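To start, the structure itself, in structure tokens.
The values are calculated or read from the model by the stated rules, or taken from the named source; none is laboratory data. Predicted, not measured: the structure shown is a model, and the values here were computed from it. In this analysis, Cβ positions are derived from the backbone assuming ideal geometry, glycine residues included, and neighbour counts consider all displayed protein chains. Keep in mind that these areas ignore ligands, DNA and RNA; they rest on the heavy atoms of the full protein, side chains included. Shrake-Rupley method; radii C 1.70, N 1.55, O 1.52, S 1.80 Å.
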Amino acid sequence: MVNAVSGGWKMITIKFFASLRERLGVDSIQLELTSSITVSQLQQHLIAQHEDWSDLQQGKVLCAVNHTLCDANTTIHDGDEVAFFPPVTGG
Amino acid sequence: MISIQREDFNVGDEYELLRKTSRSEGAVVTFVGLVRDVNLSDSVTALELEHYPGMTEKVLNELCDEARQRWVLGAIRIIHRVGKLQANDQIVFVGVSSRHRQDAFDAAQFVMDVLKTQAPFWKKEHGVNSAKWVEVRETDMLALQRWQNPQDPQ
């Protein structure tokens with residue numbers, strides 16, 4: 001379902017913001033997918049791959065695909081920009 | 001028009017722009033949000049605002065479109081600052097013109113309520129020795145709920 005970076009079949013960018021970015025220690029990663037994947041599957045994959053990334057669990061963070069808020073069942077496609085972040089506090 | 005910027009803004013200049021572009025509108029409502037010192041304890045020295053470039057602009061533009069569907073409006077102006085701010089600094093400006101005051105008041109309030117709960121901005125309080133991300137406030141979510149029946153914008 002998901003391979004290490006490079007190769008270029010289905011490359012997605014994943015961005016992290018605010019407190020989540022600080023806790024994960026990274027602001028952006030790229031992943032190559034070998035098939036389409038849902039947001040929920042991506043979260044499970046990232047948590048499984050990274051020991052300290054349990055903060056990415058569903059219910060704790062919001063997700064946007066291509067700058068639009070989405071839910072856990074949204075399918076991610078080649079070239080998509082996915083973002084995970086905490087509830088917003090602007091204004 | 002939408003601006004996300006580090007620089008401060010001048011309310012007088014923004015009002016003049018709204019006034020000049022509103023020939024058939026009889027009402028201009030403006031709102032300014034400031035950094036409150038009640039947020040800032042003695043040990044807190046600054047507030048930092050982060051956003052998601054690209055998505056923030058998209059959400060704010062969609063918000064303007066939605067406001068125009070609900071009310072007959074002239075101009076809508078939103079400015080939101082990012083970066084480090086001090087107590088009493090200006091954070092956000094919302095200006096709306098309309099033929100009638102009630103639409104202008106309602107639309108400005110709608111823009112602020114949706115902005116606070118939907119637009120990807122995050123505040124962090126910086127102290128002398130530490131920093132803390134601001135938590136979501138329940139009252140902001142409640143403020144949004146009054147707009148959630150599209151048949152009843154009041």
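From (1) of a type in the set (A, V, I, L, M); (2) within 14 Å of another protein chain (Cβ to nearest Cβ); (3) in a loop (DSSP other than H, G, I, E, B), pick out the condition that doesn't hold for A:Ala72. Among (1) of a type in the set (A, V, I, L, M); (2) within 14 Å of another protein chain (Cβ to nearest Cβ); (3) in a loop (DSSP other than H, G, I, E, B), A:Ala72 violates only (2).
Got at least one residue in region B:46-53 being open to solvent by 30 Å² or more (accessible area, probe 1.4 Å), at pLDDT 95 or above and of a type in the set (Ser, Thr, Tyr)? No. Checking B:Ala67, B:Ala119 one by one, the residue that is away from every other protein chain (no Cβ under 14 Å), closer than 19 Å to A:Leu69 by Cβ and buried (at least 18 other Cβ atoms within 10 Å of the Cβ) is B:Ala67 and no other. If we scan region B:73-93, do we find a residue that is part of a helix (DSSP H, G or I), of a type in the set (A, V, I, L, M) and either in contact with a helix residue (DSSP H, G or I) (Cβ under 7 Å, 6 or more places away or on another chain) or surrounded by 14 or more Cβ atoms within 10 Å (Cβ to Cβ) (or both)? Looking for residues that are part of a helix (DSSP H, G or I), of a type in the set (A, V, I, L, M) and either in contact with a helix residue (DSSP H, G or I) (Cβ under 7 Å, 6 or more places away or on another chain) or surrounded by 14 or more Cβ atoms within 10 Å (Cβ to Cβ) (or both), one finds none in region B:73-93, hence no. Consider B:Thr30 carefully, then state whether it is facing chain A (nearest Cβ under 10 Å), within 15 Å of the chain's Cα centre (by Cα) and either surrounded by fewer than 18 Cβ atoms within 10 Å (Cβ to Cβ) or of a type in the set (Val, Ile, Thr) (or both). Taking the combined requirement at face value, the residue does not satisfy it. Of the numbered conditions (1) of a type in the set (Lys, Arg); (2) open to solvent by 30 Å² or more (accessible area, probe 1.4 Å); (3) within 14 Å of chain A (Cβ to nearest Cβ), B:Arg101 satisfies every one except a single condition; which is it? Checking B:Arg101 against (1) of a type in the set (Lys, Arg); (2) open to solvent by 30 Å² or more (accessible area, probe 1.4 Å); (3) within 14 Å of chain A (Cβ to nearest Cβ), the one that fails is (3). Remark: pairs (first residue in region B:46-58, farther than 17 Å from A:Cys70 by Cα and within 10 Å of chain A (Cβ to nearest Cβ); second residue open to solvent by less than 30 Å² (accessible area, probe 1.4 Å) and part of a helix (DSSP H, G or I); Cβ separation under 6 Å; 6+ apart in sequence or on different chains) = B:Glu50/A:Ala18.
Within region A:20-40, residues that are in contact (Cβ under 8 Å) with a residue 12 or more places away in the chain reach partners that are among the polar types (S, T, N, Q) and not in a strand (DSSP E or B) with beta carbons closer than 9 Å, at six or more positions or on different chains, in the pairs A:Gln30/A:Ser6; A:Glu32/A:Ser6; A:Thr38/A:Asn73; A:Thr38/A:Thr74; A:Val39/A:Asn73; A:Val39/A:Thr74; A:Ser40/A:Asn73; A:Ser40/A:Thr74. Would you check if B:Glu135 is more than 17 Å from the chain's Cα centre (by Cα) and closer than 25 Å to A:Thr68 by Cβ? It is true that B:Glu135 is more than 17 Å from the chain's Cα centre (by Cα) and closer than 25 Å to A:Thr68 by Cβ. Filter region A:28-43 down to the residues that are touching a Lys or Arg at 6+ places or on another chain (Cβ under 8 Å) and assigned to a strand (DSSP E or B), then identify the one that is surrounded by the fewest Cβ atoms within 10 Å (Cβ to Cβ). Across region A:28-43, the extreme among qualifying residues is A:Ser28.
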